[in-house]
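Notes to accompany the following structure.
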Amino acid sequence: MRTMASLGLLTEGEAQRFSLTKIGEALKTGAPGSARATLLMTGSSWVGTGFANILHSVQTGRTGFEKAQGMPFFDYLVQHPEDASVFSEAMVGLHGAEPPAVAAAYDFSPFRTVVDVGGATGNMLAAILERHPGPRGLLFDRPHVVVDATKLLKANGVVDRVTIEAGDFFQTVPTGGDAYILSHIMHDWSDEQCLTILGHCRKAMKPNGRLLIVEMVLPPGDAPHPGKILDMVMLVLIGGQERTEAEYAHLLDKAGFRLNRVVATQSPVTVVEAILA
């Protein structure tokens, strides 16, 4: 306990009685920010095995995770639902500041239906609907992921405005939306896989719809950016990559879209808005 106090997690009082500090409080189950889940994931043996094989990733371009576990990252989560829940909660913690920043920076009020493709437990959609009372939401992700969505949406007071649909964006995407969000989806996949996802979105969208890619768009040159660190994480664990604005424009063009504008937010992510070409 003294060691944890020296690290700022506890504080020692009279008679050798210890209590939690603000940092320690953040590690409690259910604490805002999901720091507990973030640490459980990043310090887990299953994530660690991927980074133990980082040399394999650098040499081959293939993930160290798959070399260690014998299967891709997301296939592993399907077979390990407890780890999948920790992963989903950790993503809320790691990217917690982004949804309200996106909701503040981009005007969602003209849309009737916002479809969050691969939206996990609905953190992004909840922030958008909280700020913009007009639209309804459709949350789309794989069955083992959306199982935790109702709880989060209820906690944010928007569950009555969201339809939850389970599926695989490599097979199909729900039709009829006015805006389609891909938040931290493109960076998970190769260009070829991204083109498949974008193709399904293109088929599903209304002619005047909007595609909104929320990612850490890399700045050119040597400028520091958290996305450049995340790029290594994607290489080792998942096999994807972060991209520059020019790379997104090229990818969208190949998929039959046109990059319309790029909207900065008060967070590391950017909203890349695309329309049908």
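Leaving out same-chain residues fewer than 8 places away, which lysines sit with a Cα under 25 Å from that of Lys228?
Filter leaves Lys67, Lys254.
I need the P(r) histogram for segment 1-149: all alpha carbon pairs, bin width 5 Å from 0 out to the longest distance, whole percents.
P(r) over segment 1-149, rounded to whole percents: 2, 9, 13, 14, 15, 14, 12, 11, 6, 3, 1, 0, 0.
Using a simple spin-label model with points 7 Å from Cα along the Cα→Cβ vector, what separation in nm is obtained for Glu165 and Lys228?
4.0 nm
Give the angle, between 0 and 90 degrees and rounded to the nearest 10, that separates the Cα long axis of helix 245-254 from the longest principal axis of the Cα atoms of the chain.
40 degrees
With the contact rule set at Cα under 8 Å and sequence spacing of 6 or more, what percent relative contact order holds for the chain?
16 percent
Can you give the FRET efficiency for Arg2 and Thr29, using 1/(1 + (r/R0)^6), R0 = 25 Å, r = Cβ-Cβ distance, to the nearest 0.05?
0.55
Only Cα pairs within less than 10 Å get springs; with that Gaussian network setup on the chain, which residue of Ala155, Ala166, Ala84 has the largest fluctuation?
Comparing Ala155, Ala166, Ala84 in a Gaussian network model of the chain, the most mobile one is Ala155.
For Ser44 and Ala104, calculate 0.36 nm times their separation in residues minus their Cα-Cα distance, and state this gained length in nm to one decimal.
Full-extension gain reported as 18.2 nm.
Taking every pair of Cα atoms in the chain, average 1/r, invert it to obtain the Kirkwood radius, and report Rg/Rh to two decimals.
Here the Rg-to-Rh quotient is 0.99.
Summing +1 for each Lys or Arg and -1 for each Asp or Glu, what net charge is found among the other residues whose Cβ lies under 13 Å from the Cβ of Met1?
Around Met1, the charge tally is +1.
Please compute the net charge surrounding Glu245, taking Lys and Arg as +1 and Asp and Glu as -1 over other residues with Cβ under 13 Å from its Cβ.
So the environment of Glu245 carries a net charge of -3.
At a Förster distance of 25 Å, what's the computed FRET efficiency of Arg131 paired with Met71, Cβ-Cβ distance as r, to 0.05?
That pair, Arg131 with Met71, gives E of 0.05.
Is there a quick way to get the dipole size of segment 42-134? I mean about its Cα centre, with the Cβ of Lys and Arg at +1 and of Asp and Glu at -1; what is the value in debye to the nearest 20?
With Lys and Arg at +1 and Asp and Glu at -1, about 200 debye.
Test of understanding: extend the Cα→C-beta vector of Glu12 to 7 Å, then name every residue of segment 21-37 with backbone N under 20 Å from that spot.
The answer is 21-25, whose backbone nitrogens lie closer than 20 Å to the label point.
Roughly how many Å² is the accessible area per residue of the chain, as a whole number, for a 1.4 Å probe?
Each residue of the chain exposes 50 Å² on average to a 1.4 Å probe.
Using alpha carbon centroids, what distance separates segment 115-167 and segment 23-97, in Å?
Taking the Cα centre of segment 23-97 as reference, the centre of segment 115-167 is 22 Å away.
Compute the angle between helix 81-94 and the longest alpha-carbon principal axis of the chain, please, reported from 0 to 90 degrees and rounded to the nearest 10.
Helix 81-94 sits roughly 80 degrees off the main axis of the chain.
Magnitude of the Cβ-charge dipole of segment 90-178, K/R +1 and D/E -1, about the Cα centre, nearest 20 debye?
200 debye
Provide the percentage of antiparallel DSSP beta bridges, counting only those with both residues in segment 161-277; round to the nearest 5.
The antiparallel proportion sits near 65 percent.
Hey, in the GNM for the chain with a 10 angstrom Cα cutoff, which one of Thr121, Thr38, Thr60 fluctuates hardest?
Greatest mean-square fluctuation among the candidates belongs to Thr60.
Just from its helices, what would the mean residue ellipticity at 222 nm be for the chain, if runs of 4 or more DSSP H residues each count -39500 (n - 2.57) and the sum is divided by every residue, rounded to the nearest 500 deg cm²/dmol?
My calculation for the chain gives -11500 deg cm²/dmol from helical runs alone.
Percent of accessible area on the chain owned by carbon and sulfur, 1.4 Å probe?
Roughly 54 percent of what the probe reaches on the chain is carbon or sulfur.
The values are calculated or read from the model by the stated rules, or taken from the named source; none is laboratory data. Values in this document were obtained by computation on a predicted structure and should not be read as measured data. Using ideal geometry, Cβ is built from the backbone for each residue, glycine included, and neighbour counts are taken over all protein chains shown. These accessible areas exclude ligands, DNA and RNA; they are computed on the full protein's heavy atoms, side chains included. Shrake-Rupley method; radii C 1.70, N 1.55, O 1.52, S 1.80 Å.
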